[in-house]
Amino acid sequence: MRTWKLRVLRQFPRLALSALHVLAAAASSALKSRAALQLENVALRHQLGVLRRSVKRPKLTPVDRCLWAWLSQVWNDWRSSLLIVQPETVIAWHRKSFRLFWTWKVQHGLPGCPRVSMEIRKLIRKMSRDNPLWGAPRIHGELLKLGIDIGETSVSKYMIRRRKPPSQTWRTFLDNHVKTIVAFYLN
């Protein structure tokens with residue numbers, strides 16, 4: 001009888017702590033919204049399902065990972081009910097799914113910019129040759145007035161490149177400047 005009382009007394013702090021934990025969980029659930037409680041139930045039931053179907057170690061499928069990546073986006077308090085994996089793992093799954101989505105989108109979309117027809121390229125070259133003071137923004141605006149929808153960067157890509165006369169070097173500038181100063185003071 002004495003040993004039984006000692007066992008109960010030793011376990012009393014643990015029992016009291018678990019009772020306090022249950023009371024705190026009940027109090028916090030009373031303050032949570034209905035949607036948050038439903039999401040928490042989904043998360044906990046999912047984890048129980050994973051543990052039931054696993055023999056020794058929890059084995060998560062890609063669907064499980066997608067569910068947790070989705071939960072991490074819609075539910076702010078998702079970390080509190082996560083028990084079978086670490087929150088960093090869920091964040092890594094979310095990043096991986098994001099990368100996979102964009103990889104798929106790039107592979108199944110139309111690659112690159114749409115082609116510019118030869119007629120429009122010739123028109124851009126003619127306009128830049130005939131109007132040497134016009135830059136890409138001005139030619140782009142004129143093309144838009146004509147109803148040709150093309151980007152300004154594409155216009156600058158197809159404009160004629162003019163050779164500019166090479167500017168003087170820094171040394172030449174200084175020599176000329178010194179000459180003008182000397183001529184000023186000598187006169």
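Does PRO62 satisfy the condition of being surrounded by fewer than 13 Cβ atoms within 10 Å (Cβ to Cβ) and either more than 30 Å from GLU152 (Cβ to Cβ) or in contact (Cβ under 8 Å) with a residue 60 or more places away in the chain (or both)? Steps first, answer last, please.
On the way: surrounded by fewer than 13 Cβ atoms within 10 Å (Cβ to Cβ): yes; either more than 30 Å from GLU152 (Cβ to Cβ) or in contact (Cβ under 8 Å) with a residue 60 or more places away in the chain (or both): yes.
For PRO62, the condition - surrounded by fewer than 13 Cβ atoms within 10 Å (Cβ to Cβ) and either more than 30 Å from GLU152 (Cβ to Cβ) or in contact (Cβ under 8 Å) with a residue 60 or more places away in the chain (or both) - is met.
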- Matching residues, the stretch 65-79, being free of Cβ contacts under 8 Å to residues at least 40 places away in the same chain and surrounded by 12 or more Cβ atoms within 10 Å (Cβ to Cβ): ARG65, CYS66, LEU67, TRP68, ALA69, TRP70, LEU71, SER72, TRP75, TRP78, ARG79
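Residues in the stretch 17-32: is at least one β-branched (Val, Ile, Thr), out of contact with any strand residue (DSSP E or B) (no Cβ under 6 Å at 6 or more places or on another chain) and at pLDDT 75 or above?
The answer is no, given that none of the residues of the stretch 17-32 is β-branched (Val, Ile, Thr), out of contact with any strand residue (DSSP E or B) (no Cβ under 6 Å at 6 or more places or on another chain) and at pLDDT 75 or above.
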- Item | Checking VAL106 against (1) surrounded by 11 or more Cβ atoms within 10 Å (Cβ to Cβ); (2) of a type in the set (Val, Ile, Thr); (3) out of contact with any Lys or Arg (no Cβ under 9 Å at 6 or more places or on another chain), the condition it does not meet | (1)
- Message: On the basis of being over 37 Å from the mean Cα position of the chain (by Cα) and of a type in the set (Val, Ile, Thr), does THR153 make the cut?
- Response: no
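Residues are listed down the side, and each one gets a yes or a no for (1) in the same structural domain as LEU71 (by TED's automatic domain parsing); (2) at negative phi; (3) at pLDDT below 90:
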{"site": "PRO87", "(1), (2), (3)": "yes, yes, yes"}
{"site": "GLY112", "(1), (2), (3)": "no, no, yes"}
{"site": "MET127", "(1), (2), (3)": "no, yes, no"}
{"site": "ASP130", "(1), (2), (3)": "no, yes, no"}
{"site": "PRO137", "(1), (2), (3)": "no, yes, no"}
{"site": "LEU144", "(1), (2), (3)": "no, yes, no"}
{"site": "ILE150", "(1), (2), (3)": "no, yes, no"}
{"site": "PRO165", "(1), (2), (3)": "no, yes, yes"}
{"site": "GLN168", "(1), (2), (3)": "no, yes, yes"}
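The values are calculated or read from the model by the stated rules, or taken from the named source; none is laboratory data. These numbers were taken from a predicted model, which means no experiment stands behind them. Quick reminder, even Gly has a Cβ in these numbers, built from the backbone with ideal geometry, and neighbours come from all protein chains shown.
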